[in-house]
1. Need one number: nm distance between label points at B:ASN130 and B:GLN180, each 7 Å from Cα along Cα→Cβ, rounded to one decimal.
2. Report the Cα centroid-to-centroid distance between segment A:237-270 and segment B:276-291 in angstrom, as an integer.
3. With a cut-off of at most 16 other beta carbons within 10 Å, and DSSP calling the residue loop, which GluC sites (Glu not before Pro) in segment A:189-240 qualify? Please list them.
4. Using alpha carbons only, how many angstrom separate the centre of segment A:309-325 from the centre of segment A:151-186?
5. What are the trypsin sites (Lys or Arg not before Pro) within segment A:137-222 that DSSP puts in a loop, where the Cβ has at most 12 other Cβ atoms within 10 Å?
6. Compare the peptides B:54-62, A:283-291 by average per-residue count of other Cβ atoms within 10 angstrom and give them in order, highest first.
7. Give the average, rounded to an integer, of partner chain Cβ atoms located within 10 angstrom of each Cβ in A:166-176.
8. For a footprinting-style exposure proxy, rank A:MET256, B:MET203 by other Cβ within 10 Å, fewest first.
Amino acid sequence: MRLFGNKKKEKNGYSQIGPPTGTVSSADPNENGMLGRLRSGLRKTHDKITGGLQSVLKPGARLDEDTLEQIEEQLYLADIGPRTVERICSQLHEACRDGELADAGGVIPFLKERIKADLRPWETGLKLPAQPPAVLLVAGVNGSGKTTTIGKMAMRFQKEGKSVLLAACDTFRAAAGEQLEIWAEWTGADIVKNESADPASVAFDAMDKALSRNYDVLIIDTAGRVHTRENLMSELSKIQRVVSKKLPEAPHETLMVLDANTGQNGLSQAVRFNEYLELTGLVLAKLDGTARGGIVFGMRDQIDVPVKFVGIGQQPEDLAPFDPDKFVDAMFE
Amino acid sequence: MSIVFETLTNTLEGFFGKIRGKPRLTEKNIQDGLREVRLALLEADVNFKVVKDFTRSVSEKAVGDEVIRGVNPAEQITKIVHDELKSLMGPVDTTVPLGGEGPVVIMLAGLQGSGKTTTCGKLAKHIAENYEAEPILCAADVRRPAAIDQLETLGRQLELPVISERGSDALTVCLKARMQAARQNRSPLIIDTGGRLHIDDQMMDELAELKKRIKPDQIYLVADARTGQDAVNSAKEFNRRIEYDAVVLTNLDGDARGGAALSIKAVTGKPVKFVGVGEKMDKFEPFYPDRMADRILGMGDVVTLVEKAEQAIEREDVEAMEEKMRKARFDLEDFRKQLKMIRNMGPMKELMSYIPFVGNKMDGVDFDESDLDRIEAIINSMTPEERARPQVINAGRRNRIAKGCGHRGAEVNMLLKQFRQMKKVMKKLTRGGMEDMANALPDQFTAPGGPMPKGLRKKSKKKGKKN
Ligand SMILES: Nc1nc2c(ncn2[C@@H]2O[C@H](COP(=O)(O)OP(=O)(O)OP(=O)(O)O)[C@@H](O)[C@H]2O)c(=O)[nH]1
Ligand SMILES: [Mg+2]
């Protein structure tokens with residue numbers, strides 16, 4: 001949009017969020033560019049986790065109470081949360097007792113394997129219908145990164161040659177529609193906005209348009225909301241109902257965007273959103289900071305919704321598919 | 001009536017049982033108490049290292065403290081922790097300093113999505129309503145799509161001017177806004193900056209530059225209450241780069257426990273000044289360390305119990321009575337006194353709800369305060385001799401007592417029977433301490449023929465179980 005400049009600007013040497021440039025790497029998850037991005041996003045994560053550990057986990061070093069305590073600390077600092085940390089630690093203890101783990105050098109591989117085993121059953125690919133349109137509903141608490149994630153997903157679909165329609169169902173927050181509009185422009189997607197303050201009616205219009213104009217993908221942006229507010233949560237269910245009235249199997253994906261900085265509250269968020277929406281997946285946004293997003297391990301004990309994407313920046317291409325193996329490897333490498 | 005006895009006996013468990021032989025807090029019972037506190041803090045997302053330092057200092061402080069009669073050490077530790085949390089997070093000056101020459105400048109900074117723009121509007125409204133001031137806003141988030149539109153919309157809602165310049169950089173906008181503020185004679189100027197990662201050097205440089213050139217009078221870090229362990233890293237780095245004055249903690253309207261408030265204060269020394277409790281512009285409040293301590297601990301009830309116990313129980317009374325119990329000389333007069341003491345603490349049902357074990361049992365049981373009145377009335381109608389030695393009460397005396405208080409003879413009998421049962425429990429209690437108490441209770445009070453009515457027996461047993 002002209003207001004923000006059509007190209008990626010470098011003012012005073014500061015990076016600018018901007019529309020995609022020609023140098024953007026392909027959205028293919030197996031491509032080096034993307035993986036490199038994920039890795040660099042996770043580098044700090046992994047430095048944090050292993051930085052403290054490496055000193056105590058040299059091969060050949062004895063595995064004593066002190067070492068185990070430090071491991072506990074590192075797991076906590078990753079936001080994995082008390083329940084799961086306790087479970088992991090007791091597995092560690094057992095492994096030590098059974099002689100499975102004699103030496104401190106084996107701890108990281110052991111932990112990695114346990115956590116991977118936990119995450120591997122997740123089906124992390126998007127489940128899209130053979131027959132378009134595919135409808136994706138995106139929800140989450142305030143400021144978690146929904147609109148940005150939607151922009152990034154639109155980017156991916158467009159690159160795959162799919163036509164994308166966005167629905168501006170955040171009719172509440174100031175300038176939410178404008179924000180999505182700019183993303184539509186950046187990514188070449190179309191957008192449905194209407195004057196109504198009722199998000200369900202925008203969803204209705206968007207479904208109409210997606211069906212009649214044969215769009216491949218419709219992505220619905222919703223207002224951020226506090227998961228403990230009953231009326232706001234029912235509003236989401238209503239959007240979902242409106243959508244499935246138009247197309248029985250839609251929405252095909254209902255995603256909750258979770259800020260990777262979130263602590264134990266993430267669990268409560270996921271539980272509540274799942275209650276109202278039957279989530280099919282999570283997106284872990286803002287993983288490019290120093291937060292480690294460990295809440296997604298912690299969650300698995302109580303709510304089993306797979307992470308499908310991770311957000312690793314503010315640029316349109318900063319979205320990577322979630323790969324549990326790579327994710328865990330990158331954390332402990 | 002038996003409910004009364006059961007709950008009273010349980011109350012006694014709280015009042016006398018657990019403290020036997022432990023008049024002071026020791027390393028050991030402090031550690032037991034702190035175990036739960038530690039988990040509560042970690043659940044609340046208080047940073048692990050902060051928790052570690054905190055529990056260590058609490059335990060050092062608490063060793064040797066006298067155990068308050070009527071609460072167990074774990075409960076007392078919780079109270080100590082609560083007070084310590086409160087004093088760590090406070091005191092807070094929740095005024096905004098607005099004096100001085102020219103426009104006062106307030107700058108907001110923080111991570112992406114922490115709520116800066118909304119806070120900008122809320123703070124402006126708060127100041128406009130509570131001070132003789134006419135705020136003006138500056139949209140210096142030049143990166144996020146539609147961030148400027150968002151602040152402009154809020155400005156229109158609040159009927160406050162917003163200075164912006166599309167396509168410009170943050171510093172230029174801020175300089176322009178400061179000139180405009182001076183020209184329009186408005187103050188404070190509140191600057192909304194773009195969200196940024198604390199490890200993004202370029203962006204942090206920009207912020208440092210803004211600070212250097214604009215020289216804000218106040219800088220507030222806007223932080224999300226739902227933040228986990230990493231809160232300390234971003235808070236520290238922002239503080240290192242732009243040293244802010246205070247923190248605005250947002251998103252407290254959900255169920256986040258908000259441990260970040262403690263973590264940030266602990267690592268930066270910067271207090272939370274305001275909290276955001278909703279999306280609307282008026283959902284903005286001063287920060288209360290006391291409430292935050294409750295919230296982080298999630299154990300407000302225990303704290304209230306300890307406070308009530310501290311207030312209501314006169315030490316000498318308790319000690320004298322405990323002595324009597326020990327020697328099995330507890331009589332109906334003592335019982336009457338005790339009833340009074342307990343009732344001083346507030347309505348029975350409310351009181352019971354503070355005691356974790358008993359509180360559960362009370363669920364679904366219709367507790368009738370008039371039972372207490374009846375017991376008191378019956379005892380009042382006895383002679384001092386009868387109160388001291390209930391065994392002298394024969395049929396004649398019983399009828400006299402019944403007549404005197406307006407209750408039936410059978411009710412007098414019932415009371416006497418239950419009192420005997422209770423004394424038995426007390427004997428066990430005073431001999432064996434807490435563990436025996438736990439064993440003694442179900443036997444005495446739930447065995448067939450015991451004082452518990454059948455329906456309640458089962459229920460209370462189930463309810464008593466906590467997981
Ligand atoms: N660093 C980083 N920032 C992100 C990421 N995803 C989103 N953001 C930023 O986080 C902020 C909030 O993102 P939005 O997409 O507006 O969040 P939202 O959930 O739509 O917010 P509401 O609609 O207001 O509830 C913006 O500044 C985004 O640029 C990410 O993966 N990394
Ligand atoms: Mg949004």
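We did not get these values from a lab; they are worked out from the coordinates using the rules stated. Remember, it's a predicted structure, so these values are computed and weren't measured experimentally. Quick reminder, even Gly has a Cβ in these numbers, built from the backbone with ideal geometry, and neighbours come from all protein chains shown.
1. 2.6 nm
2. 27 Å
3. When the GluC sites (Glu not before Pro) of segment A:189-240 are filtered for loop state and at most 16 Cβ neighbours within 10 Å, A:GLU195 remain.
4. Each part reduced to its Cα centre gives a spacing of 17 Å.
5. Here the trypsin sites (Lys or Arg not before Pro) that fit, given the DSSP loop and packing criteria, are A:ARG213.
6. Order by mean packing, descending: A:283-291, B:54-62.
7. Shielding by partners across A:166-176 averages 3.
8. So the ranking, lowest neighbour count to highest, is B:MET203, A:MET256.
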